[in-house]
Each structure stands twice: as structure tokens, then as C-alpha cells.
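Colleague: Pasting a structure below so you can have a look.
The values are calculated or read from the model by the stated rules, or taken from the named source; none is laboratory data. Only a predicted model underlies this, so the values are computations on that prediction, with no experimental measurement involved. Glycine gets a Cβ as well: all are built from the backbone with ideal geometry, and neighbour counts include every protein chain shown. All accessible areas refer to the heavy atoms of the entire protein, side chains included, with ligands and DNA or RNA removed. Shrake-Rupley method; radii C 1.70, N 1.55, O 1.52, S 1.80 Å.
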Amino acid sequence: MLCASAHLAKVVAGRLRERGDWQYTAAVALRAHAEDYARHLPRHLRAERIEDFAWRLTRHAALCTRELAPIAPLWERAGVLAWQMRDTTRPRAPVKERVNRALRRARSQPTASFSSHSLLRALFVG
């Protein structure tokens with residue numbers, strides 16, 4: 001799926017370059033990401049990295065607007081597959097417990113500042 005996404009991004013980028021469309025650079029970036037992910041897939045599918053990898057794939061799909069829309073379903077499907085490959089044997093902590101754990105970490109490190117991304121990650125990843 002990543003190779004197909006890279007190929008489609010290359011085709012879309014060629015079309016956008018000819019028209020001078022501002023989304024050309026986004027298509028080139030999507031192609032580069034897809035090729036990099038495909039090349040290093042075993043590393044991304046490690047248990048400790050797979051959730052971040054699945055989140056990135058889903059995020060790339062969300063960034064496919066207007067001319068890049070034909071690429072989005074490939075990214076979405078790859079993201080779904082990555083989410084399904086997560087280690088489901090690991091017990092998931094309830095949301096309230098994860099929030100409390102994140103807040104305890106924040107209190108123990110007064111200089112730490114949490115971005116919205118890190119707070120959401122603490123809530124949903126654990």
C-alpha cells in the first residue's frame with residue numbers, strides 16, 4: 001500500500017508541477033514519506049513504534065486535500081492495517097487512570113510543558 005501511495009503521489013505531483021499548483025510540494029512530501037516508510041517498514045512495525053506509525057499514516061491521509069484526495073484512501077487503509085497490527089495483548093489502562101498518570105508526570109517535572117499532542121498521546125496511548 002505504501003508503494004502504491006508513493007506511485008500515485010508521483011503521478012499527482014507530475015500533474016501539479018505542470019500546472020504550477022501550490023500542492024506540488026505536498027505531493028512530493030507524501031511520496032517521500034511513503035517511500036521512506038516502505039523502505040524501513042520493519043522498524044516502524046516494532047511494538048514500541050507501531051502506534052506512532054499508525055497515527056502518522058492516519059495524519060497523512062487527513063492532509064490529502066483537494067488534488068491530493070485520490071491518495072488519501074491508500075494512507076487511510078495503511079493506517080487501519082497498522083492500528084490492527086498493534087499488540088492487543090497489552091492491557092489498556094482506563095482513561096481516568098491514564099489522565100491521572102499524565103498529570104502526576106507533569107507535577108513531578110515542573111519545567112515540563114505538555115503540548116496538545118503529548119496530552120492526547122498520554123490519554124489514548126498510555
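Colleague: Please go through the range 16-55 and pick out each residue that is of a type in the set (Lys, Arg) and either without any contact (Cβ under 8 Å) to a residue 12 or more places away in the chain or assigned to a loop (DSSP other than H, G, I, E, B) (or both). I'd like the intermediate steps shown before the answer.
Modeller: Residues of the range 16-55 that are of a type in the set (Lys, Arg), as a first pass: 17, 19, 31, 39, 43, 46, 49.
Arg17, Arg19, Arg39, Arg43, Arg46, Arg49, listed by residue number.
Colleague: Go through (1) basic (Lys, Arg); (2) in a helix (DSSP H, G or I); (3) under 16 Å from the mean Cα position of the chain (by Cα); (4) at pLDDT below 85 for Arg86 and report which single condition fails.
Modeller: Here Arg86 clears every test but (2).
Colleague: Looking at (1) open to solvent by less than 90 Å² (accessible area, probe 1.4 Å); (2) touching a residue at least 40 places away in the same chain (Cβ under 8 Å), which is the only condition Arg66 fails?
Modeller: It fails just one condition, (1).
Colleague: Can you pull out the residues in the range 15-40 that are open to solvent by 60 Å² or more (accessible area, probe 1.4 Å) and either in contact with a Phe, Trp or Tyr (Cβ under 6 Å, 6 or more places away or on another chain) or within 14 Å of Leu81 (Cα to Cα) (or both)?
Modeller: Once the filter is applied, which keeps residues that are open to solvent by 60 Å² or more (accessible area, probe 1.4 Å) and either in contact with a Phe, Trp or Tyr (Cβ under 6 Å, 6 or more places away or on another chain) or within 14 Å of Leu81 (Cα to Cα) (or both), the range 15-40 yields only Arg17.
Colleague: Quick one: Leu2 ticks every box in (1) open to solvent by 80 Å² or more (accessible area, probe 1.4 Å); (2) closer than 20 Å to Ala72 by Cβ except a single one, so which number is it?
Modeller: All conditions pass for Leu2, except number (1).
Colleague: In the range 69-79, how many are of a type in the set (Gly, Ala, Ser) and in contact (Cβ under 8 Å) with a residue 24 or more places away in the chain? Let's see the steps before the verdict.
Modeller: Of the residues in the range 69-79, the ones of a type in the set (Gly, Ala, Ser) are 69, 72, 78-79.
Okay, now just the ones that are also in contact (Cβ under 8 Å) with a residue 24 or more places away in the chain, so 78-79.
The total comes to 2.
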